[in-house]
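Below you'll find the structure, written out as structure tokens, and then a few comments.
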Amino acid sequence: MKNETIHIAIVEDDNEIRQTLTLIIDGSKGFSCKYAFPDGESAIASIENLPIDVVLMDIDLPGKSGIEVTRHLKQKCPQLDFIMLTVQSDDDSIFESLCVGASGYLLKDTNPADLLVHIKEVYDGGSPMSSQVARRIINSFRIIDNPLSDRETEILKMLSKGMNYKEVANEIFLSPHTVKTHIKNIYSKLHVNSRAEAIYKAIKQKLI
């Protein structure tokens, strides 16, 4: 059973932000923040040997990035929960953080009272996200409307398996000329000039 007090560590290179967060968290009932680190190297050297439940991790740190530090510590201490607390809201930062084991992703403009709620949420097994971050994640799972017809999609799938025009034509009982016409239409709709480009773009956009 978990203790009633949640023990938090902060990894943040901005001295003012680090001290402010420490004071807010440590002065709140049910929370303890006795450990704060200005860089990833000092965090790596200490955190795995400390009684910590949740780590607030900045991404843009001197030396090792917060993502690298989270990856390292999560491997050493899988029971630790990490919340990225950062100004970075680009897709790469969000997804890399989640992939290395972060349980939450919050922007630094998060209200202090809300931050405490989110720390408790992570401690209890949740995954808090700032609203802007959640919207980016949702958008990333939206499948782009397929501009290709069913026949064009079928032909492009065959091409992606290495089939040539003649093989495709034989497979779906069309003339090679008709297949070439379909392929020209595919290139036009996807705004590409080659089979390789068409296949790459279709896979990236989840069209095939």
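Report, by residue number, each residue of the range 46-101 that is open to solvent by 10 Å² or more (accessible area, probe 1.4 Å), at pLDDT below 95 and either among the small types (G, A, S) or not assigned by TED's automatic domain parsing to the domain that holds C33 (or both).
G63, S89, S93, G101, listed by residue number.
Is it the case that some residue within the range 30-38 is open to solvent by 60 Å² or more (accessible area, probe 1.4 Å) and either among the acidic types (D, E) or in a loop (DSSP other than H, G, I, E, B) (or both)?
We begin by selecting, within the range 30-38, every residue open to solvent by 60 Å² or more (accessible area, probe 1.4 Å); these are 34-35.
So of that shortlist, the ones also either among the acidic types (D, E) or in a loop (DSSP other than H, G, I, E, B) (or both) come out as none.
No; the residues of the range 30-38 include none that is open to solvent by 60 Å² or more (accessible area, probe 1.4 Å) and either among the acidic types (D, E) or in a loop (DSSP other than H, G, I, E, B) (or both).
Of these, S140, S131, S149, S127, which one is more than 20 Å from E12 (Cβ to Cβ) and in contact with a Gly (Cβ under 6 Å, 6 or more places away or on another chain)? Even if it seems obvious, please write down each step before you answer.
Working: S140 fails: in contact with a Gly (Cβ under 6 Å, 6 or more places away or on another chain); S131 fails: in contact with a Gly (Cβ under 6 Å, 6 or more places away or on another chain); S149 fails: in contact with a Gly (Cβ under 6 Å, 6 or more places away or on another chain).
Every option except S127 fails the conditions.
Scan the range 167-208 for residues that are in contact (Cβ under 8 Å) with a residue 12 or more places away in the chain and not aliphatic (A, V, I, L, M) and report the count.
Step one: list which residues in the range 167-208 are in contact (Cβ under 8 Å) with a residue 12 or more places away in the chain, which gives 168, 171-172, 179-180, 182-183, 185-186, 189-190, 195, 198-199, 202-203, 205-208.
Within this subset, residues satisfying the condition of being not aliphatic (A, V, I, L, M) are 171, 180, 182, 185, 189, 195, 205-206.
Total meeting the criteria: 8.
Determine the pairs where a residue that is under 18 Å from K29 (Cβ atoms) and modelled with pLDDT under 95, located within the range 103-131, has a partner that is assigned to a helix (DSSP H, G or I) and open to solvent by less than 20 Å² (accessible area, probe 1.4 Å) with Cβ atoms under 6 Å apart, the partner being 6 or more residues away or on another chain.
Here the result reads none, with nothing in the range 103-131 linked to a residue that is assigned to a helix (DSSP H, G or I) and open to solvent by less than 20 Å² (accessible area, probe 1.4 Å).
The values are calculated or read from the model by the stated rules, or taken from the named source; none is laboratory data. Nothing here was measured: the structure is a model prediction, and the numbers come from that model. Here the Cβ is made from the backbone with ideal geometry for all residues, glycine too, and neighbour counts use every protein chain on show. Surface areas here come from the heavy atoms of the whole protein model, side chains and all, with no ligands, DNA or RNA. Shrake-Rupley method; radii C 1.70, N 1.55, O 1.52, S 1.80 Å.
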